[in-house]
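Before any comments, here is the structure.
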Protein chains: 2
Amino acid sequence: MSLIVFGSMAFDDIETPFGKSNKIVGGAATYIAWCATNFIPVKQVSIIGGDFPKEELDALSSRGVSMEGVQVKKDEKSFYWSGRYHLDMNTRDTLVTELNAAGAFQPVLPDSYQDCDFLMLGNWAPQVQLNVIEQLKRRPKLIAMDTMNFWMDTAMSDLEKLLTKVDVLLVNDSEARQLSGQYSLVKAAAVIARMGPKYVVIKKGEHGALLFNDGHVFFAPALPLEDVFDPTGAGDTFAGGFIGHLARTKDISFENMKTAIIVGSAMASFCVEKFGTNRLREITKPDIDSRIQQFVDLVNFDIALV
Amino acid sequence: MSLIVFGSMAFDDIETPFGKSNKIVGGAATYIAWCATNFIPVKQVSIIGGDFPKEELDALSSRGVSMEGVQVKKDEKSFYWSGRYHLDMNTRDTLVTELNAAGAFQPVLPDSYQDCDFLMLGNWAPQVQLNVIEQLKRRPKLIAMDTMNFWMDTAMSDLEKLLTKVDVLLVNDSEARQLSGQYSLVKAAAVIARMGPKYVVIKKGEHGALLFNDGHVFFAPALPLEDVFDPTGAGDTFAGGFIGHLARTKDISFENMKTAIIVGSAMASFCVEKFGTNRLREITKPDIDSRIQQFVDLVNFDIALV
């Protein structure tokens, strides 16, 4: 029973109304791993350049992240992204994207990864995400994936093929609308489910997240925070909490997915409190438990009074 | 023990991506009354012209709305508003506003209204809202009010004076931001609470509503609907459900306010399903009970699994 996390490990350079991060460690798989290791060890699949900090790799290893599936291109640079947020943290401008080492990534799954029961595919070209699935000799119990508008514009047929192979799609609201051609998120989720994923998770940033499955719907709010300091990685952290909880409990029922959505929301609420992965590095099990209790208090009401 | 509802009774002319309403009955106090009478009788305070339909007044009377405080200006026309929504139903363009009879409204509370324990002040000039409060010889158990950006631009000192006299302010997110000068809704609520209202309700349309009180926060989602057909009056219907539940249960604790927020959200989810008050006219007690159960299912999760 193990969890594979696939996605980018990168450098980010972030500007928000609260300040500048300068060049820091980022990437979908980095956030997912920092988050999911609170619940279960992770087998990482990614690619980095020779400039990726050894201390970061050591820190992840010591948290229980296997690096056997992480390719190191010594003479190349790591993926680099630079972006700017405005007061409305739900949208951002990309300033620079340099693929570098990630440009021609051909993932190779080590034999030791073949016991995979849970697979989390972070955002990447759908053809490469599909390649990871196809390398597994036994289908995992649950495959979840993220994607983005860019692939809908440039690789829609690959994406459609991939969607038939996965159980859970996690996307944000604008991505769900583009993928489905529906403005209503209820209708969008129904259209997407017909494309393959039985479970559709639509993330609405500060407005929470919706889980759709077979006519049922569950809603988790985002925690109302005094300030969202840096939303970078919040979606990946959400995915890490979601898949981490499912992999730890080995229960993929709709009921347990609800709880997984709350765990994801709680973890994302930490992520946005500081730049990059900084907050995720600090938090402890009691912090997480107390944050999840805040979500209980946030939405619980007494139906008997109605 | 009674509930007074103050606000406009009007004609609306609405255009949405789904169609045109033509001239139909609307106005804050109309929506609030149609909604709140599911829970408790209403004593209405408003003003209408000679053109307001007798059938509408009869329909409201037969639901338990006292019309003694509604002035009829026989030779004038009723307040008229025309507006257009786009695909994003959270914003709208006002096309026409004609105050007509409402222009010089001086409300006069009948003696029979002096037993008021719950007062809901729909959006109007704050000076006139204040005048209603000042006519009550005994302070109600709870005073709730709505307002809008227009009064912050044009009558801020009146609004500030009024805010010191009320218990609950219900505003939408952009209004909360303008009133407080804070972008973060958590900070906005704290600033507004210092202006007077112990309870601050911030409505976020399709993204739900937040209730703040003394460092506590509660969140109610909006029901995910296939289509929001017409959002006009949803905020007023929310207010009607909120105050109606509180007045019926006579319990103004924070715990019961949470339930009142859910009741308001459930009622608003009906309102948006058809033009104007059409859906509110149809629904029955079993419809309401079943809708509230949908809210329970929407947010309930099993903490024991975490």
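Pick out, from B:25, B:199, B:276, the residue whose Cα sits farthest towards the positive end of the charge dipole of segment B:2-300, with +1 on the Cβ of Lys and Arg and -1 on the Cβ of Asp and Glu. Result: B:199.
A simple packing score, the average count of other Cβ atoms within 10 Å per residue, orders the peptides B:40-52, B:257-269, A:141-153 as B:257-269, B:40-52, A:141-153, with the highest score first. For the peptide B:291-303, the mean number of other protein chain Cβ atoms found within 10 angstrom of a residue's Cβ is 6.
For a label point 7 Å from the Cα of residue A:141 along Cα→C-beta, name the residues of segment A:102-116 whose backbone N is under 15 Å from it. Label zone hits: A:115-116.
Annotation for residue B:59, label-to-label distances across the other copies: 6.3 nm (shortest first, one decimal, point 7 Å from Cα along Cα→Cβ).
Using just the helices of chain B, give the 222 nm mean residue ellipticity in deg cm²/dmol: DSSP H runs with n ≥ 4 each add -39,500 (n - 2.57), and the total is spread over all residues, rounded to 500.
Numbers: 11 runs with 114 residues, N = 306.
Using -39500 (n - 2.57) per qualifying helix, the result is -11000 deg cm²/dmol.
Just how far, in whole angstrom, is segment A:169-194 from segment B:175-246 if you go by their alpha carbon centroids? Segment B:175-246 and segment A:169-194 have Cα centres separated by 27 Å. Using the Cβ of residue B:63 as centre and a radius below 12 Å, the other residues enclosed give a net charge of -1, where K and R count +1 and D and E count -1.
Take each complete run of DSSP H in chain B, measure how far its Cα atoms stretch along the helix's own axis, and keep only those covering 18 Å or more with mean Kyte-Doolittle hydropathy at least -1.0; list them. Can you show the working numbers first?
Numbers: long enough: B:234-249 (22 Å, 0.32); B:254-271 (25 Å, 0.94); B:285-299 (22 Å, -0.29).
For chain B, where a helix must reach 18 Å along its axis and average at least -1.0, the hits are B:234-249, B:254-271, B:285-299.
Summing +1 for each Lys or Arg and -1 for each Asp or Glu among the other residues whose beta-carbon sits under 10 angstrom from that of residue B:3 gives +1. Other protein chain C-beta atoms within 10 Å of residue C-beta, averaged over A:253-265: 3. For residue B:164 and residue A:1, a Förster radius of 60 Å and the Cβ-Cβ distance give a FRET efficiency of 0.50, rounded to the nearest 0.05. Distances from residue A:282 to itself in the other copies, using label points 7 Å out along the Cα-Cβ axis, amount to 5.2 nm in increasing order.
Only one residue of B:188, B:78, B:143 has its Cα farthest out toward the positive end of the dipole of segment B:2-300, where Lys and Arg carry +1 and Asp and Glu -1 on Cβ, and that residue is B:143.
Ranked by how many other Cβ atoms sit within 10 Å of their own Cβ, fewest first, the residues B:157, B:180 fall in the order B:157, B:180. Working from label points 7 Å from Cα in the Cα-to-Cβ sense, the residue A:190 to residue A:59 distance is 4.6 nm.
Percent of C-alpha pairs per 20 Å bin in chain A, short distances first: 35, 60, 4, 0. Note: segment B:187-306, Cα convex hull, 134 Å³ per residue.
Mind sorting B:249, B:37 by how few other Cβ atoms lie within 10 Å of their own Cβ, fewest first? Before the final figure, lay out the partial values.
Values: B:249 17, B:37 20.
Listed from fewest to most nearby Cβ atoms, that is B:249, B:37.
FYI, it's all coordinate maths here, none of it is from the lab. Remember, it's a predicted structure, so these values are computed and weren't measured experimentally. Cβ atoms come from the backbone with ideal geometry, glycine included; neighbour counts cover every protein chain shown.
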